[in-house]
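Before we start, here is the structure in question, set down as structure tokens.
A short reminder: the numbers here are calculations on the coordinates, not readings from a lab. As the structure is a computational prediction, the values presented were derived from the model and not from experiment. FYI the Cβ positions are ideal-geometry reconstructions off the backbone, even for glycines, and counts take in every protein chain you see.
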Amino acid sequence: MIENLSAFPHLERLVRIVRPPRAPVAAEGDWAAVERQLGLRLPGDYKALVATYGSGMFDDFLEFLTPFSRPGETLLDFGAGTMLNTMRDNRASGIDLPYPLHPEPGGLLPWGDTANGDWCFWQSDPADQPDSWRIVVNASRSEEYWEHDGPLTAVLADVLSRRVRPDFCPDDFPSDRPEFGTIP
């Protein structure tokens, strides 16, 4: 858990909306190694989010990926691997993608997904300013995209407080009292 939440005001707001677990799972690891593998720095609020919540889902619907989860389910394996490879295959088959894909300049980099199969990304532009990256969500089985100025913790707080109601969210999400469930 981050000691000084005031350094991340959107995370501080999120913690007031959804209580983090007492003992976050997969919340720590070698960030420098992860960033070397990706070839870019990750947003500070995301690192603080991972340290605060660890691996898990909001209201059994919205999951954010951590680099330190079980193999095959991490930010690197599932996000930068499976999700981006599927997007590349879609583009190669003629599906129009309005964004470049990581590691292309300004490319989408996955950070999460939903129980409905929506995929959530950062738009890594500019690459050297991760704290200013926009959030982009691709609705499941659709060529529609939803955007938010970010950062990630602002999106989560906005959506979980119902301040923002994206089209990709079902009517029952979030619940009146959103919860976070850990994923071992």
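For every other residue with a beta carbon closer than 13 angstrom to the beta carbon of Asp125, add +1 if it is Lys or Arg and -1 if Asp or Glu, then tell me the sum.
Once all neighbours under 13 Å are counted, the net charge is -4.
Quick one: Arg165, Arg13, fewest Cβ neighbours within 10 Å first, how do they rank?
By the 10 Å Cβ count, ascending: Arg165, Arg13.
A further question on this structure: For the stretch 40-50, in order, what is each residue's ³J(HN,Hα) by Karplus, 6.51 cos²θ - 1.76 cosθ + 1.60 with θ = phi - 60°, in whole Hz (x at glycine and Pro)?
7, 6, 9, x, x, 5, 5, 4, 5, 4, 4
For Asp96 and Arg70, calculate 0.36 nm times their separation in residues minus their Cα-Cα distance, and state this gained length in nm to one decimal.
Stretched fully, the Asp96-Arg70 segment lengthens by 6.1 nm.
Looking at the stretch 77-129, what % of the alpha carbon pairs are farther apart than 14 Å? Mind showing how you got there, number by number?
Values: 719 of 1378 pairs.
That fraction is 52 percent.
Then there is this: What FRET efficiency would be calculated for the residue pair Asn116, Asp149, taking the C-beta separation as r and a Förster radius of 22 Å, to the nearest 0.05?
Using R0 = 22 Å, I get an efficiency of 0.40.
Also, I was wondering about something else. Of Ala92, Gly56, Val137, which is farthest on the positive side of the dipole of the chain, counting Cα position, with +1 on Lys and Arg Cβ, -1 on Asp and Glu Cβ, and the Cα centre as origin?
Checking the options against the dipole of the chain, the answer is Gly56.
If amide H atoms are built 1.01 Å from N in the plane of the peptide, which residues on other chains or at least 5 residues away come under 5 Å of the amide H of Gly112?
The list, which skips near neighbours in sequence, is Leu65, Cys120.
Separate question: When all C-alpha to C-alpha distances in the stretch 33-101 are sorted into bins of 5 Å, what percent of pairs does each bin hold, rounded to whole numbers?
For the stretch 33-101, the binned pair fractions read 4, 14, 20, 23, 18, 13, 6, 1, 0 percent.
If you take the charge dipole of the chain about its Cα centre, with +1 on Lys and Arg Cβ and -1 on Asp and Glu Cβ, which of Pro20, Val34, Phe180 is farthest toward its positive end?
Positive-end residue among those listed: Pro20.
Provide the three semi-axes, in whole Å and in decreasing order, of the ellipsoid equivalent to the stretch 1-77 as defined by the square roots of 5 times the Cα gyration tensor eigenvalues. Write out the running numbers ahead of the final one.
Values: eigenvalues 83, 48, 22 Å².
Equivalent-ellipsoid dimensions as semi-axes: 20, 15, 10 Å.
Any idea what diffusion coefficient the chain gets from Stokes-Einstein, in µm²/s, Kirkwood Rh on alpha carbon pairs, 25 °C, 0.890 mPa s?
The Stokes-Einstein estimate is 149 µm²/s.
Moving on to the next point. How far apart, in nm, are two points set 7 Å out from the Cα along the Cα-to-Cβ line at Glu35 and at Asp125?
My value for the distance between the label points is 2.3 nm.
Something else: Taking only Cα atoms and a 10 Å spring cutoff, compute GNM fluctuations for the chain and point out the largest among Pro67, Pro20, Pro98.
Of Pro67, Pro20, Pro98, the Gaussian network model singles out Pro98 as fluctuating most.
Testing the spin-label approximation: label points 7 Å from Cα along Cα→Cβ at Asp77 and Asp167. State their distance in nm.
Using points 7 Å along Cα→Cβ, the separation is 3.4 nm.
Let me ask you something else. Sorting Ile95, Ile135 on the 10 Å Cβ count, fewest up front, what's the list?
In increasing order of surrounding Cβ atoms, one gets Ile95, Ile135.
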